[in-house]
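In what follows, a structure is listed as structure tokens, so that the remarks can point back to it.
Just so you know, all these numbers are worked out from the coordinates, no wet-lab data involved. Bear in mind the structure is a predicted one, so any value in this text is a computation, not a measurement. Neighbour counts run over all protein chains shown; Cβ positions are idealised from the backbone, glycine included.
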Amino acid sequence: MTDIVMSPPVRRAGWIPGIATVAAVALYGWAILSAEEDWQVLGLLALAVIATVIGMVSGFGRSVQASWAAHESKLNGAALIGIVAVIAALSTQHFPLLMLSTMLLYFTASLGMNIQFGYTGMVNFAGAAFFGAGAYTAAVMGNVAWFPPLLTLVLGGVVSMALSLVLVFPIVRTTGHYAAVVTIAFGVLFKTFLEVNEILGGPQGLMVSSMRLLGWDFMDSPQIGGMKLSFYVNYALLCTALAALVFIAVRRLERSWLGLHMDAVRLDETAAACFGISVKKTKILAFLSGNMILGIAGALYGMMISFIAPSSFTFSDSLLMVSMVLLGGMGSPWGGALAAAIVILLPEKLQFLQEYRFLLFSVLVILVLLFRPDGLLPRQIRNYFPGARSRQ
Amino acid sequence: MTTSPLLEFTDLTKRFGGVTALDAFSMHLDRGEILGLIGPNGSGKTTSFNLLTGIYPATAGTIRFDGQEITNASPRQVYEAGIVRTFQRSRLCLELSIYDNIMIGDTSRLSQGLWANLVKRNSFRAEFDASFQKARDLVATFSGHLADRMFEPVGTLPMIERRRIEICRALVSAPRLLLLDEPSAGMTHDETDQLMRDILDVRARGNGLSIIIVEHEMGVIERITDRCVVLSYGRKIADGTYAEVASDAEVQNAYLGVD
Amino acid sequence: MDLGLIAQFLANGIVLGTMYALVAVGFTLFFGVLDVIKFSHGDVLMLGTFAGFTVWLGLEAVGIINPWLQLVVVLIASMVVTAAVGAAIAKWLVLPLKKAPPLNTLLVTLMLGTAIREAVRLFYPDGSNPKAFPALLPDASIDLGGFALRADSVILVVAGLLLIAGLNMMLNRTRLGLAIRAVAQDEETAQIMGINYMLVVLATFAIGSGVAAFAGVMNGLYYNEINFGMGLLLGLIGFSAAIVGGLGNLYGAILGGFLFAGLQVVGSALLPFASAYKDVFAFAVVIAIMAWKPTGLIPERASERV
């Protein structure tokens, strides 16, 4: 035996598998968003399943993972370009763009919920209520002509955060099931309140004014080279920007000491406290920041669909948001993206599923919890910086 | 007054309902001392750790650390005063990497602000680099082969390695007092010996770390402690060197149940 | 406000409180033996009520029209179905997740509740519309000076309270009750002492669910209507009641149930602008109580070993 241990040559994974995946997903996204017949959609779904199985069996999935870990920033940039490319390819079609935008907003919402469920282990069964708080803020502020709509997005987040402040005291004091009751009660309370409050439109809901940015109304269709694009291009691009921004922020949060403290609080509150981590502060940060993200996403959602009612923000909708986090994988941002795509796209694309969507997703989540509790795209070990993990 | 004790319990008492887990327990720990806290099961050893680290409030009595009263301080204040502990049953975060687990122990020196963590990523990176080196050196001391596996989840490691990581987590903040709660549980004789040697190594390098160790393995107590305190049914029944307490009639009764 | 109206509110509150307490004791029992929340409880009781309703349709079809006989058969049918479903969920969904984080059990049963609710809505004939539940109890009422005391309310409340009292007696006086309490106290020791753990757990889930089925039928008889969503609200209220009262003891659940009913009644009586705000008021108070007493009004014993 020799004392010198030869470390195996570290071969840094290449970027090609990563780029190839981004390109394939973008192409696939374009295909499924523009598919119109049921058989096309079903065929594409089958293709996805086959590709996943082949990827897992052949080990390509592993090299994609390695590639992503080594070249993360570049590949995230590539993913952004991929989304913009899909928007460009679909630029004249209303419906696919609306779906893509909705997906992006739900993805953004899942990032917020992930801070709570995934990192800190806090339950929030009032996700739809905080999302709705943002949307209602947008509806009310739409009547204030001088107020810049971009600030309305921020205000949506602030209002949602202010509502969370009311709950912070009970939330921080309670744990587990007791905390679950607090959020469930709030969710039911919020929806009932909207229904009976005449100022906020009652059960009929409210109109929401559209987004306006630098004098540009998002209801106007952009013209490029004599071609008239769908006005949803405006929203799709803004939703992309919002999702990207929140993605970066949440990623940085996870890969910081604050994110580490959130994990510590989730996994063992007592031990965390014994090492000087403020359990209260960590929980407050997670609850408020997560709900702020939900509120911002909700405000933009309201502007985009231009009409909101209490029936869009029920307990079932909150559960759908929780399903997204669980399906994708607790604490896994890209998992949230995949789950948002499934949750939004499947019922819209396969109209015969529309009626069955709550049933379908609840069964899907039960199966995931029983057989794949880490979700479809499980969270990876924390990588503080791109490539940090492979450096030893 | 450098001769004042580092830690002092005065009539420390804890009752759970009708059960008195700790009964007017008084003792002191000198600076740099290694103290063995021994006694049969249920004699109040872990309870005194829990009172000291602020997990339970004390029913009566006081705790002073370095001249400051810290009775009923929060776990966080106790940590900030420089007291860290390990747990009887390993309490690592199994899903997290070795590095993450150790960094949980270094809260007091890492930036806590949102701005520093999210926006100033360059200075965050510098902090990361420095702390990584520190954690890696510590791991290298205790378990050389793990130093190149800092980003593996702790859950995949065997129990012995987990114990070592737990001690690295406790030592990374360069504490003044280390509380070890049955470090030998689940380890062989040789492994325990090795672990104790490593802890003493780290201690020799640093600034006179004091240690209180709760242990059933009397060989360990005999070899490393300067002094022993013996508890029985929540009361102190002996205080002295290992040789002294081992020959004490009351201690022998407590352990063997001879009357 | 006149006395008759107050009496009316009071009677209403007592009926609701009994109903909620019947649901809440289930949550408490499940939590007692397995330390889990089975959130599908409300939807399981809805399923049982629909089963009872279906049996009633069958009885009508074959010409058995004696209301008392119908009532007994409907009650037995819904309690048996609910108990069986409750035990099945325990065996195939709750027990397999015993080692997983408690949150997962809460989530899996939440999702199961949604699945049951949606399945009834989609697959029961005309399931998305409310069904007229038959009035099987005598519709007589006694006039007590401006206030009509309905005979059916009295029968329901008395029967419900007897059921809870019976449950309490079963827990404290029978061998099964002793076994349940032993498992709740310390599962491992109970097993060593020769208690059939699986049997006790399944029995507990069956009993807890069966009791809730009574609340479901009661709900149908009282409002003369059932719908696929009734379990969600009843489950939510039962869960809140069990939590507010304090998990893990029967009295907490009863206290919580009557408290919640009281809040609703007070809410609709005292909020002059709209009784529609009664649920907002009740849930707001629930949140406030959680802030004040984070482990319920009658706290469970905390026993974390460090």
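When you look at the Cβ of every residue in A:325-336, what mean number of other chain Cβ atoms sits within 10 Å? Present the calculation step by step, with values, prior to reporting the outcome.
Working: counts 1, 5, 0, 0, 0, 4, 1, 0, 0, 0, 0, 0.
Taking all residues of A:325-336 together, the mean is 1.
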Quiz item: In degrees from 0 to 90, rounded to the nearest 10, what is the angle of the helix C:67-89 Cα long axis to the longest principal axis of chain C?
Solution: 30
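Above 32 Å lies some portion of the pair distances; for chain C, what is it as a whole percent of all C-alpha pairs?
Working: 12397 of 46665 pairs.
Across chain C, Cα pairs with separations above 32 Å total 27 percent.
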Quiz item: If R0 is 41 Å, what FRET efficiency do you get for A:Ser58 and A:Leu213 from their C-beta distance, rounded to 0.05?
Solution: 0.35
Quiz item: Assuming R0 = 51 Å, what is the FRET efficiency of A:Asn197 and A:Leu47, from their Cβ-Cβ distance, to the nearest 0.05?
Solution: 0.60
Quiz prompt | Inter-centroid distance (Cα atoms) of segment B:38-57 relative to segment B:78-128, Å | solution = 25
Self-check item: For chain B, share of DSSP beta bridges that run antiparallel, in % to the nearest 5
Solution: 55
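Tell me, what is the FRET efficiency for B:Glu80 and A:Thr270 to the nearest 0.05, using R0 = 22 angstrom and their Cβ-Cβ distance as r? Walk me through the numbers before you get to the answer.
Numbers: r = 17 Å, r/R0 = 0.76.
Approximately 0.85, to the nearest 0.05.
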Self-check item: Taking C:Ile192, C:Ile180, C:Ile164 and counting other C-beta atoms within 10 Å, the order from fewest to most
Solution: C:Ile192, C:Ile164, C:Ile180
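Cα-based Rg of chain A per 2.2 N^0.38 Å, rounded to two decimals?
Details: Rg = 21.6 Å, N = 392, 2.2 N^0.38 = 21.3 Å.
The reported ratio for this selection is 1.02.
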Self-check item: Structure-based [θ]222 nm, the protein assembly as shown - -39500 (n - 2.57) summed over DSSP H runs of at least 4, per residue, nearest 500
Solution: -20000 deg cm²/dmol
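Averaged over B:105-114, how many beta carbons belonging to a partner chain fall within 10 Å of each residue's beta carbon? Mind dumping the intermediate values first?
Working: counts 6, 4, 9, 2, 2, 6, 3, 9, 3, 6.
For this peptide, the per-residue mean of nearby foreign Cβ atoms is 5.
Could you tell me the relative contact order of chain C? Use alpha-carbon pairs under 8 Å, at least six residues apart, and round to a whole percent. Before the final figure, lay out the partial values.
Numbers: 490 pairs, mean separation 103.7, N = 306.
Relative contact order, chain C: 34 percent.
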Exercise. Just check segment A:67-138 against the gyration tensor rule for me: Cα atoms, a ≥ b ≥ c as the square roots of the eigenvalues, rounded for a/c under 1.5, and otherwise prolate or oblate depending on whether a/b exceeds b/c.
Key: oblate
Exercise. Sort out for me the Cα centre separation of segment C:1-57 from segment A:343-363, rounded to whole Å.
Key: 31
Quiz item: Based on Cα positions only, what radius of gyration and what Dmax would you give for segment A:1-144, in angstroms?
Solution: 20.8, 79
Quiz item: Using alpha-carbon pairs under 8 Å, 6+ residues apart, how would you state the relative contact order of chain B in percent?
Solution: 27
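If you count the DSSP beta bridges with both ends in the protein assembly as shown, what percent of them are antiparallel, to the nearest 5? Walk me through the intermediate numbers first.
Values: 31 of 47 bridges.
If I count the DSSP bridges inside the protein assembly as shown, around 65 percent turn out antiparallel.
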Exercise. Would you mind finding the longest exposed-site-free stretch of chain A, with exposed GluC sites (Glu not before Pro) meaning DSSP loop and at most 10 other Cβ atoms within 10 Å?
Key: A:199-392
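Sorted by average packing, counted as other Cβ atoms within 10 angstrom per residue and highest first, what order do C:165-176, A:316-327 take? Numbers along the way, then the final one.
Values: C:165-176: 13.1, A:316-327: 24.4.
Output ranking for C:165-176, A:316-327: A:316-327, C:165-176.
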Exercise. Could you tell me whether the protein assembly as shown comes out rounded, prolate or oblate from its Cα gyration tensor? Rule is a ≥ b ≥ c as square roots of the eigenvalues, rounded for a/c under 1.5, then prolate if a/b exceeds b/c, otherwise oblate.
Key: oblate
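Across peptide B:85-94, what mean number of C-beta atoms from other chains lies inside 10 Å of a residue's C-beta?
Details: counts 4, 2, 6, 2, 2, 1, 7, 3, 8, 2.
Taking the mean over all residues of the peptide, I get 4.
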Quiz prompt | Max mean-square fluctuation residue, GNM over chain B, Cα-Cα springs under 10 Å, options B:Leu179, B:Leu12, B:Leu200 | solution = B:Leu200
Exercise. Give the shape of segment A:13-92 as rounded, prolate or oblate, defined through the alpha-carbon gyration tensor: a ≥ b ≥ c are the square roots of its eigenvalues, a/c under 1.5 means rounded, and otherwise the shape is prolate if a/b is larger than b/c and oblate if not.
Key: oblate
Quiz item: Given 5 Å bins starting at zero, what is the percent of C-alpha pairs of segment C:177-255 in each, up to the one with the largest pair distance?
Solution: 3, 13, 17, 19, 18, 14, 8, 5, 2, 1
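Starting from the Cα-Cα distance between C:Lys99 and C:Ala148, subtract it from 0.36 nm times their residue separation and give me the gain in nm to one decimal.
On the way: separation 49, 0.36 × 49 = 17.64 nm, distance 5.32 nm.
Fully extending the segment from C:Lys99 to C:Ala148 adds 12.3 nm.
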Quiz item: Ranked by Cβ crowding within 10 angstrom, fewest neighbours first, how are A:Cys274, B:Cys168 ordered?
Solution: B:Cys168, A:Cys274
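Can you pull the percent of Cα pairs in segment A:275-320 with separation above 14 Å? Walk me through the numbers before you get to the answer.
Working: 686 of 1035 pairs.
Everything past 14 Å amounts to 66 percent.
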Self-check item: Stretchable slack from B:Arg15 to B:Asn72, in nm (0.36 nm times residue separation minus alpha-carbon distance)
Solution: 19.1 nm
Quiz item: Just how far, in whole angstrom, is segment A:191-242 from segment A:26-57 if you go by their alpha carbon centroids?
Solution: 30
